[in-house]
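J.: Before I ask anything, here is the structure I am working with.
The values are calculated or read from the model by the stated rules, or taken from the named source; none is laboratory data. Quick caveat: nothing in here was measured; it's all calculated off a predicted structure. When we count neighbours, we look across all protein chains shown, and the Cβ atoms used for this are built from the backbone with ideal geometry, even at glycine. Surface areas here come from the heavy atoms of the whole protein model, side chains and all, with no ligands, DNA or RNA. Shrake-Rupley method; radii C 1.70, N 1.55, O 1.52, S 1.80 Å.
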Amino acid sequence: MKSLGTSGEPHDKKVEIRVIARVMPYLWPKDQSWVKWRVVISVASLVTAKLVAVATPMILGTAVDSLSGVDEGSRLLVLGAVGLTIAYGLSRILDSGFQQLRDVVFAKVGQRALRQVGLETFQHIHNMSLRYHLSRKTGGLSRVMERGVKGVSFLLRFLLFSIGPLVLQLVLISAALATFFDVRYLIVIAVAVVAYVWFTAVVTEWRVKIRKEMNDQDNDANQKAIDSLLNFETVKYFVAEDREAGRYDSAMEGYEAAALKTSYSLGVINIGQALIINTAMVVVMLMSVQDVAAGIVTVGGFVTVNAYIMQVMMPLNFLGFVYREIRQALVDMSEMFGLLEQLPEVRDRPNAQALQVLGGSIELFDVHFSYDPERAILKGISLKVEPGQTLAIVGPSGSGKSTIGRLLFRFYDVTKGTFLVDGQDVRDVTQLSLHQAIGVVPQDTVLFNDTIYYNIAYGQANATLAEIKQAAKAAQIHDFIQSLPKGYNTTVGERGLKLSGGEKQRVGIARTLLKDPPILLLDEATSALDTETEHEIQESLIQMGQGRTVLIIAHRLSTVVHADRIVVLEHGQIVEEGSHDELMLKAGRYAHLWNLQLAENGKASRHNELV
């Protein structure tokens, strides 16, 4: 099945029909009767408004005829004309009133749809697998969401209140012209409508392609801007402000060119539509003038015909705008619904049960995994972590250490073999229950641009202040927080940049402690810190692991000396395992890495002393 129009894919009629089919349930949901009632009342108000609108020119024409027959002193005819004029005014008020009632009643339906589709998209993006998020462009993605969500509300409103009402009004006016006047008027209007719709459709198809190009350029420019701002420090380090400005300007140049094409094409379509509408209006007016001169039509009839022409042409002109906007909304929404059609790589099985954590044992049996089929990362790993035990996995970069952690959290599924937690295959349990059982302290703790309180409380939504403070004390950061002017209400900045690396890491530890998971994954948790800070935080991590099953993924061997067992990984295979002392006695690969790092640390210390 073809994906709904993602960028660069053909945007055809089937895609549009599927987009509209996706939107319609928001207009007529099966389980919410109040929405249906609001839609029914809105449509009833709309139909009433159109009936009043079609009757209004007849009242105006009758009033004009009444006035044209008035002789001096004919008070009865004057009173009749006055009454008809008042009736004309009331009809216009009723027309406007029913349209406003329609908008007020439908407003909640539109806003509900906008909220629901926005929430659905947001949740879907969070449910996508890690591979998707590693390859996504955040800026472009936010634009797709923004335009798509707005397009849903727009499409619902204009499908219900523009296309259908215009067709109804055209039918009613055509019936009135054919009944009370001459079929010739109807023929002219019909030709004008067909010509207008054909011209609008042809030019709009051309404009849709330009609009897609403009969207792509907009996504690209927005992505470059966000990427540059998120990497502000890197830009400064490499004196790359002008380079970043050039990249952004280059993207905006493409957007400018596409936007100019859009403006030029808009001018073409507006001129063509105006030519068709005004030509038809002049022809009908000339016909009605001839009929008045021949005595076939009264002066009031002339006014009525021209009022009907205005009622046809003005909405028809609006139809051009509506059609263009609907096509544009369909382009925007197809990208969003295309995103919604992408299935997560990792999904719960239909009958998945919640993980039952008994002790927190972790077992791998002949586990194979590769990100790319042509390059194997893990090649038959088998190991077991007993409940409450601390296992460290060490090895050079690219050996597959972090991959094991990602498989445990089920960011990916194993290519071959079995990954068990307390004897349960992680593929057979719900991701939610698995994630609840595992606490992760990553290499780089990323914080929300909010308060320290909020970031620690993120570990447990309903935590009390006392519990949060207790977690902060356990992570040895409570005293630091208390020393800040605003204490726990201190804002940490974008990604926590107002805090040092060690402070951020301690907030992350406090957050994980508050979660209180039975299984703990430390993924290079201290490798980004200086030696002194690393030793301080190491104490917090060891304390944190008490009573839990701990899996440590580390590059620095000094951080895993306390582990019950150490597994040495190279090229996706286990080459050694045992305690630190056992591995040192073997004088194998682990001992070589230990001595190498010890020598490097010695050189660094001597260098610091000289400095």
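J.: Scaled to the compact-protein estimate 2.2 N^0.38 Å, what is the alpha-carbon radius of gyration of region 437-539, rounded to two decimal places?
T.: Working: Rg = 12.5 Å, N = 103, 2.2 N^0.38 = 12.8 Å.
Its radius of gyration relative to the 2.2 N^0.38 Å reference: 0.97.
J.: Here is a follow-up. Given 10 °C and 1.306 mPa s, how large is the Stokes-Einstein diffusion coefficient of region 368-468 in µm²/s, with Rh as the Kirkwood radius over Cα pairs? Before the final figure, lay out the partial values.
T.: Details: Rh = 16.1 Å.
Translational D for this selection: 98 µm²/s.
J.: Report the semi-axes of the equivalent ellipsoid for region 308-402 in whole Å, largest first, where each axis is √(5λ) for an eigenvalue λ of the Cα gyration tensor. Please list the in-between numbers first.
T.: Values: eigenvalues 696, 71, 26 Å².
They are 59, 19, 11 Å, listed largest first.
J.: Rg over Rh of region 220-347, using C-alpha atoms and the Kirkwood radius, what does it come to?
T.: On the way: Rg = 26.7 Å, Rh = 20.2 Å.
Using Cα coordinates only, the ratio equals 1.32.
J.: Moving on. Would you mind checking K469/K504; K50/K212; K469/K498; K236/K498; K384/K469 for any pair whose Cα atoms are more than 24 angstrom apart?
T.: On the way: K469/K504 16 Å; K50/K212 35 Å; K469/K498 20 Å; K236/K498 17 Å; K384/K469 35 Å.
Pairs exceeding 24 Å: K50/K212; K384/K469.
J.: Using the beta-carbon distance between D249 and D564 and R0 = 51 Å, what value does 1/(1 + (r/R0)^6) give for FRET efficiency, to the nearest 0.05?
T.: Working: r = 57 Å, r/R0 = 1.12.
Once rounded, the FRET efficiency stands at 0.35.
J.: Roughly speaking, what is the stretch gain from Q597 to I226, that is 0.36 nm per residue apart minus the C-alpha to C-alpha distance, in nm to one decimal?
T.: So the chain would gain 129.7 nm between Q597 and I226.
J.: Moving to a separate point now. Taking a 1.4 Å probe, which of R184, R548 shows the most accessible area, and what order do the others take after it?
T.: Values: R184 90, R548 30 Å².
Per-residue accessible area, sorted high to low, gives R184, R548.
J.: Using a Förster distance of 30 angstrom, determine the FRET efficiency expected from the C-beta separation of A461 and T418, and round it to 0.05. Intermediate values should be presented prior to the final figure.
T.: On the way: r = 33 Å, r/R0 = 1.10.
Efficiency at R0 = 30 Å is approximately 0.35.
J.: Sticking with this structure for a sec: May I ask for the Rg/Rh ratio of region 410-466, computed from Cα atoms with Rh as the Kirkwood radius, given to two decimals?
T.: That ratio equals 1.09.
J.: Which of rounded, prolate, oblate describes region 221-261, given a ≥ b ≥ c as roots of the alpha-carbon gyration tensor eigenvalues and a/c under 1.5 marking rounded, otherwise prolate only if a/b is larger than b/c?
T.: Values: a/c = 6.09, a/b = 2.37, b/c = 2.58.
Because a/c hits 1.5 or more and a/b fails to exceed b/c, region 221-261 counts as oblate.
J.: Can you find, among I296, I276, L316, the residue sitting farthest towards the positive end of the charge dipole of region 232-354, where Lys and Arg contribute +1 and Asp and Glu -1 at Cβ?
T.: Looking along the dipole axis, the top candidate is I296.
J.: Here's something else I'd like to know. For V297, what is the net charge nearby, where nearby means another residue's Cβ is under 9 Å from its Cβ and Lys, Arg count +1, Asp, Glu -1? Don't skip to the answer; put the middle values down first.
T.: Values: positive: none; negative: D182, D291.
Net of charged neighbours comes to -2.
J.: Would you work out if region 478-599 is rounded, prolate or oblate? Take a ≥ b ≥ c from the square roots of the eigenvalues of the alpha-carbon gyration tensor; rounded if a/c is under 1.5, else prolate when a/b is larger than b/c, oblate otherwise. If you can, show how the numbers build up before the last one.
T.: On the way: a/c = 2.65, a/b = 2.04, b/c = 1.30.
Prolate shape, in that a/c is at least 1.5 and a/b is the bigger ratio.
J.: Quick check: net charge around L383, other residues with Cβ under 15 Å of its Cβ, Lys/Arg +1 and Asp/Glu -1?
T.: On the way: positive: K379, K384, K401, R565; negative: E363, D366, E386, D564, E570, E576, E577.
Net charge in that neighbourhood comes out at -3.
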